[in-house]
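These notes are about the structure you will find just below.
The values are calculated or read from the model by the stated rules, or taken from the named source; none is laboratory data. The shown structure was predicted, so the numbers you read here are calculated from the model rather than taken from an experiment. Cβ coordinates were reconstructed from backbone atoms using ideal geometry, including for glycine residues, and neighbour counts include every protein chain displayed. These area figures cover heavy atoms from the full protein model, side chains too; ligands, DNA and RNA do not enter into them. Shrake-Rupley method; radii C 1.70, N 1.55, O 1.52, S 1.80 Å.
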Amino acid sequence: MKCILMNKNKEVLIAEYDPATSVFTEIYEINDINYAPYILKNFYIKNDINDSSFRTNLSEWFKNRGIPSWRDKLDLLLHRLNITAPYELLDKAFGLSLSDQYWLKPIDSNLYYDDINFFDNDFDYAEFMEASLSTNSNQITKETSLKTPNNTTDGMLKKAWIIDNGIRYLLKGGYKNETLQPFNEVLASEICKRLGFNHVEYTIDTYKDIVVSKCPCFITKDTELITCYQIKNDMQRHDSIEDYEEYIKKLEEHNIENAREKIENMFILDYIIMNEDRHLNNFGIIRDVNTLEWIDVAPIFDNGQSLNIEYYDEEEVHISGSGRLFYEVKPFDEIIKVVKNIKRIDISKLDGLVEWFDDLLHQYQHLTNYSDTRINKLCILLNRQINKLKELILNND
Ligand SMILES: Nc1ncnc2c1ncn2[C@@H]1O[C@H](COP(=O)(O)OP(=O)(O)O)[C@@H](O)[C@H]1O
Ligand SMILES: [Mg+2]
């Protein structure tokens with residue numbers, strides 16, 4: 001299939017795409033490499049449009065837009081969608097997403113972005129939501145159910161984009177039988193709100209008695225999310241604090257205001273909730289897709305893998321997990337040292353937070369079946385981290 005890789009209304013390149021394998025077999029023309037996905041620009045060699053490394057990376061990038069192989073309960077989802085692999089979904093809706101503005105336009109079509117993008121145009125999400133989140137769902141029946149931005153979501157958790165009152169929201173479940181992720185997301189939002197950190201607002205919702213988190217889309221038709229993974233891809237890897245410092249430098253070079261403080265805020269949140277999953281695709285920047293200007297650090301998102309979620313044991317004391325600082329896995333007490341002036345945090349804003357979380361967890365006990373012991377242990381852990389942060393603030397000079 002001959003097609004044009006588009007970034008909103010801009011033509012990036014013209015290529016031959018094979019939907020059966022999701023591979024780009026030939027590149028005919030590069031129209032504007034500047035508008036290509038950030039990660040691809042580094043692979044582009046001027047005057048050699050059929051350089052195999054560029055083509056391979058283009059195919060990789062496109063395939064990676066699909067649902068990843070590590071998605072929780074992927075086999076069941078594929079069965080319910082009546083397909084055999086996630087990449088089969090990529091040509092059902094031009095590869096459109098709600099996290100950026102790329103799409104594949106068949107060369108002989110006269111489609112317009114305005115008529116097909118999912119920011120303006122509604123989509124039929126009901127069957128996909130059921131297939132993704134429900135414990136008992138039938139196979140989908142409608143062809144339109146496969147024309148949604150759900151074809152291009154990343155991440156491990158079961159999830160679905162829905163429309164509620166005209167607003168696009170992402171619903172996310174827990175992992176396997178665990179249901180704490182949604183509560184951790186809401187806790188993170190509450191902390192960010194109190195401390196004034198720019199964040200994605202998560203609330204608790206239920207779908208057929210399943211607890212999910214719900215957050216609005218933070219991308220608009222004029223923006224895209226570029227994750228740190230993409231930005232770091234052509235930068236030297238040090239496996240040390242240098243990775244962090246060079247990332248901040250890069251953001252500052254692109255005139256992002258208070259970049260350091262914003263990145264610090266994310267690690268302060270991770271410290272309080274003991275988030276173990278701050279990998280490089282769980283943060284990034286927002287770019288203007290029209291001007292290619294870097295606008296800001298992306299609001300803090302994906303905070304579910306926290307509060308020792310993987311180590312809960314009714315009988316045992318908690319084991320403390322480790323956090324992530326770029327390529328390194330380190331104790332939280334080490335990572336927090338990157339914050340230059342921890343005294344700028346007004347910790348009194350977290351007064352009553354533990355009681356608030358305790359309340360939230362009790363409210364949903366009839367759905368989660370968490371024992372009082374578990375809730376208590378979660379609150380003790382949260383309280384411990386807040387107190388440790390208080391100590392750090394007191395002793396910082
Ligand atoms: N509110 C949002 N608006 C736009 N894109 C989002 C939003 N939340 C998540 N995404 C995109 O979806 C991906 C998966 O979401 P994430 O919350 O990280 O799920 P998981 O917990 O499964 O990793 C993110 O990496 C990001 O690219
Ligand atoms: Mg994620």
Expected max-MSF residue from Glu143, Glu328, Glu16 in the GNM of the chain (alpha carbon, under 10 Å) is Glu143
The range 198-220 scanned against label point 7 Å out from Asn165 along Cα→C-beta; backbone N under 13 Å for 216
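Quick one: net charge around Trp356, please, counting Lys, Arg +1 and Asp, Glu -1 for every other residue with C-beta under 14 Å from its C-beta. Display every interim value, and only then the final one.
On the way: positive: Lys193, Arg194, Lys349; negative: Glu190, Asp351, Glu355, Asp358, Asp359.
Combined, the nearby Lys, Arg, Asp and Glu give -2.
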Charge tally for neighbours of Cys379 with beta carbon under 12 Å away, counting Lys, Arg as +1 and Asp, Glu as -1, is -1
Among Leu382, Leu367, Leu40, the residue with the largest mean-square fluctuation in a Gaussian network model of the chain built from Cα contacts under 10 Å is Leu367
The simple spin-label model distance between Leu367 and Lys340, using points 7 Å out along Cα→Cβ, in nm, is 4.3
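How do 277-287, 353-363 rank on mean C-beta neighbours within 10 Å, highest first?
Details: 277-287: 20.5, 353-363: 15.7.
Ranking, from highest mean packing down: 277-287, 353-363.
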Output row, site Ile116, 7 Å Cα→C-beta label point, backbone N cut-off 14 Å, window the range 62-98, residues 90-97
Taking Cα atoms only, Rg over Rh for the chain with Rh from the Kirkwood formula is 0.98
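Return the loop-located trypsin sites (Lys or Arg not before Pro) in the range 306-397 (DSSP other than H, G, I, E, B) with at most 13 other Cβ atoms within 10 Å of their own Cβ; answer none if there are none.
Here the sparse-neighbourhood loop sites are Lys340.
Starting with the highest mean, order 187-193, 134-140, 24-30 by the number of other Cβ atoms within 10 Å, averaged over the residues of each peptide.
Values: 187-193: 21.4, 134-140: 12.4, 24-30: 15.7.
Ranked from most to least packed, the peptides come out as 187-193, 24-30, 134-140.
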Extension length gain for Asn9 and Asp288 (0.36 nm per residue less Cα distance), in nm, is 99.1 nm
Checking Glu257, Glu130, Glu201 against a Gaussian network model of the chain (alpha-carbon springs below 10 Å), the top fluctuating residue turns out to be Glu257
Label model pair Asp124, Asn64: point-to-point distance (7 angstrom along the Cα→beta-carbon line) in nm is 3.3
Of 168-180, 227-239, ordering from highest average Cβ density within 10 Å down gives 168-180, 227-239
In this structure, the FRET efficiency calculated for Glu310 and Lys221 from their beta-carbon separation, with R0 = 56 Å, to the nearest 0.05, is 0.90
The local net charge around Ser53, scoring Lys/Arg +1 and Asp/Glu -1 for residues other than Ser53 whose Cβ lies under 15 Å from its Cβ, equals -2
Under a 1.4 Å probe, counting only protein heavy atoms, Asp18 has an accessible area in Å², nearest 10, of 50
Residue-normalised 222 nm signal for the chain, counting each DSSP H run of n ≥ 4 as -39,500 (n - 2.57), nearest 500 deg cm²/dmol, is -9500 deg cm²/dmol
The FRET efficiency for Glu261 and Asp108, from their Cβ-Cβ distance with R0 = 51 Å and rounded to 0.05, is 0.55
Here FRET efficiency (C-beta to C-beta, Asp351 to Thr56, R₀ 41 Å, nearest 0.05) is 0.15
